[in-house]
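Readers should treat all values here as calculations from the given coordinates under stated rules, not as data from a laboratory. Bear in mind the structure is a predicted one, so any value in this text is a computation, not a measurement. Please note: Cβ atoms are built from the backbone with ideal geometry, for glycine as well, and neighbour counts cover all protein chains shown.
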Amino acid sequence: MMLPVRSASLLLTVVSIVTVVATALLTVLPAPPPATASPVAAPATTWTAAAARVPPATDTARIEVRLLHQVNGARRKAGCRRLRPAEGLHASAAAHSTAMAAHRALTHQVPGEASLRDRIAAAGYADASRMGEVVAMGTMSARGALKRWLASPPHRAVLLDCRLRLAGLGVHAEGRQLWWTIDLVRR
């Protein structure tokens with residue numbers, strides 16, 4: 001099943017070498033607490049291709065589920081295990097997508113926001129031994145977002161890092177614009 005969201009344009013920006021390093025950052029952190037992973041449920045909503053519009057915010061869960069499916073397909077082809085959805089990471093990624101939209105900025109840390117390491121820790125993953133994040137903005141499908149990330153070596157490296165096992169996906173819809181975040185960790 002393919003979601004009928006068509007791409008008008010996509011701005012996938014690597015802000016600087018520092019941001020690229022932060023994006024592809026596989027940070028070593030201390031270890032302790034156990035994980036709570038749970039799937040992201042999709043609401044039962046429909047919309048048509050003829051509308052050629054960004055779906056309402058209530059459909060973002062469907063887009064997130066579709067994106068996870070697409071990412072896991074790419075990971076399978078690369079010989080990696082599938083990412084398991086994690087509720088705390090989902091909340092972190094969704095909050096970051098919303099913050100990017102509010103600031104109209106594609107970045108890994110908007111002004112006044114905690115760092116990726118701190119956001120991951122606050123989501124319940126202070127014991128993460130590795131982490132990464134990819135972000136994007138634009139009106140497009142889950143397949144289109146993944147295609148752009150996989151075409152970018154640092155983003156591809158994060159998504160296809162077989163050591164990362166848990167993920168939270170957050171899509172924020174604002175008008176005809178979608179803001180995308182995937183936070184990934186390994187405990």
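Expressed to the nearest 5 percent, the antiparallel share of DSSP beta bridges inside the stretch 79-187 is 90 percent.
Work out the FRET efficiency for Lys147 and Arg176 from their Cβ-Cβ distance, taking R0 = 25 Å, and round it to the nearest 0.05. For R0 = 25 Å, the calculated efficiency reads 0.80. Along the axis of the charge dipole computed for the stretch 111-187 (Cβ charges of +1 for Lys and Arg, -1 for Asp and Glu, origin at the Cα centre), the listed residues Ala136, Leu160, Leu178 are led at the positive end by Leu160. Equivalent-ellipsoid semi-axes for the stretch 62-121 (Cα gyration tensor, √(5λ), whole Å, largest first): 25, 13, 11.
Over all alpha-carbon pairs in the stretch 111-187, figure out the percentage whose distance exceeds 22 Å. Cα-Cα pairs of the stretch 111-187 separated by over 22 Å account for 27 percent. Coupling constants for the stretch 91-99 follow from the phi torsions by the Karplus curve (6.51 cos²θ - 1.76 cosθ + 1.60, θ = phi - 60°), and in residue order they are 4, 5, 5, 5, 5, 5, 4, 5, 5 Hz; glycine and proline get x.
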